[in-house]
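Colleague: Below are the structure tokens for one structure; questions will follow.
Just so it is clear, none of the values below were taken in a lab; they were calculated from the coordinates. Computed from a predicted structure; not experimentally measured. Quick reminder, even Gly has a Cβ in these numbers, built from the backbone with ideal geometry, and neighbours come from all protein chains shown.
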Amino acid sequence: MRQPKLIDYLLLTFLALIWASAFFNIKIATYSYGPVTIAFLRVFFGAIPVLLLCLYKKIKIEAFSKDWHWFAIIGFINLVAPFFLISYGVKSVQSNLAAILMSTTPLSSTVLGHFFTKNEKFNFIKTFGILIGFSGIIYLFSDKILIDDNNFISALLILLGSTCYVIGGVLTLKISKKKNENVTGSILIWAVIILIPLVCFFEKPWHLNPRMDSTISVIYLGTVSTGLAWLLRFRILKNNGLIFQSQVSYLIPIFGMFLGYIFLKEMITSKILVSLVAVLIGLYFVKKAEIKRSI
């Protein structure tokens, strides 16, 4: 991999900003749309730029090949389930809180990697980072101003959504030899297929009279936070590798916290700040251990 240049850091920051902006847009989308509809529209609009890129680059989409079951399973676990759970949870909690909860994904990935991969085992630095990071999340749940009996389950569902991303990532190793664009396009297709009957049966969105801001947000979630973000992620991975791209984890909760304050006037309590610092410290030590292992 080449040495990162200024443009690479700018693109990484832009990617973090796009993903962080998803949280307050999900909140706005919930004003008019149910969680299943939000999940469906995200994958539908998100599939468009990815599939167009595959068409332009003449990359074969293998959604219905002999590995279709892997694409379907990953599409459900990596897209359908987390998009639904996060949308359901954000309806009842602040978007900035959701951004911090979702930032635990690399920590959960490290835990699952220890048990399900051969070369991702715990060491002292990783263990320390995981303990610090999750201690911050436990402390966040003690913030009675933001998390109470009415939305406690919603916050847990957001955490479960982040775990789904991790499980989906582990399952993706089963088809890791395929092109990223092909895998992403294929799982998006299966996510759309899975969600069509669910959205028709449970929410019947054609009966809705949605607000304009909710509609703009849900289109943004699909085309930008899902489709464009995945394409940008491909570019960064190709040019700079996974370790460089994973640094986006530090920026997402920070941007998410401030965007929630700017656009939705959400509270930033002292416990949010302490939890954010703990999670970032945990991420730092986990990433430090991964960099040492790669040298």
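Colleague: What fraction of the Cα pairs in the stretch 233-295, stated in percent, has a spacing above 15 angstrom?
Modeller: Summing the P(r) of the stretch 233-295 above 15 Å gives 61 percent of all pairs.
Colleague: Based on Cβ point charges of +1 for Lys and Arg and -1 for Asp and Glu, what charge dipole magnitude is obtained for the stretch 56-215 about its Cα centre, in debye rounded to the nearest 20?
Modeller: Value, rounded to 20: 780 debye.
Colleague: Rank by packing, highest mean first: peptides 245-251, 141-147, 82-88, with packing defined as the count of other Cβ atoms within 10 Å averaged across residues. Mind dumping the intermediate values first?
Modeller: Working: 245-251: 20.0, 141-147: 14.9, 82-88: 24.9.
Top to bottom by mean Cβ count within 10 Å: 82-88, 245-251, 141-147.
Colleague: Rounded to two decimal places and with Rh computed the Kirkwood way over Cα pairs, what is Rg over Rh for the stretch 31-143?
Modeller: When Rh is taken as the Kirkwood radius, the ratio is 1.05.
Colleague: Oh, and also: Please report, in debye to the nearest 20, how large the charge dipole of the chain is about its Cα centre when each Lys and Arg carries +1 at its beta carbon and each Asp and Glu carries -1 there.
Modeller: In debye, rounded to 20, the chain gives about 1080.
Colleague: To continue, here is another question. By average Cβ neighbour count within 10 Å, what is the ranking of 66-73, 271-278, 215-222, 199-206 from highest down?
Modeller: 215-222, 271-278, 66-73, 199-206
Colleague: Please sort through the DSSP H helices of the chain and keep those with an alpha-carbon extent of at least 27 Å along the long axis and a Kyte-Doolittle average not below 1.6.
Modeller: Flagged H segments are 6-29, 35-56, 152-172, 180-202.
Colleague: Would you list the P(r) distribution for the chain, with all Cα-Cα distances sorted into 10 Å bins from 0 and each bin expressed as a whole %?
Modeller: Final binned percentages: 7, 27, 37, 24, 5, 0.
Colleague: Binned at 10 Å from 0, what are the whole-percent values of the Cα-Cα distance distribution for the stretch 112-229, short to long?
Modeller: 9, 24, 33, 26, 7, 0
Colleague: Hey, what's the Cα Rg ratio for the stretch 84-131 versus the globular rule of thumb, 2.2 N^0.38 Å?
Modeller: Numbers: Rg = 13.9 Å, N = 48, 2.2 N^0.38 = 9.6 Å.
Cα Rg divided by the expected 2.2 N^0.38 Å: 1.46.
Colleague: Now, a different point. Can you compute the radius of gyration and Dmax for the stretch 165-295, using only the Cα atoms, both in Å?
Modeller: Cα-based Rg and Dmax for the stretch 165-295 come out at 18.6, 56 Å.
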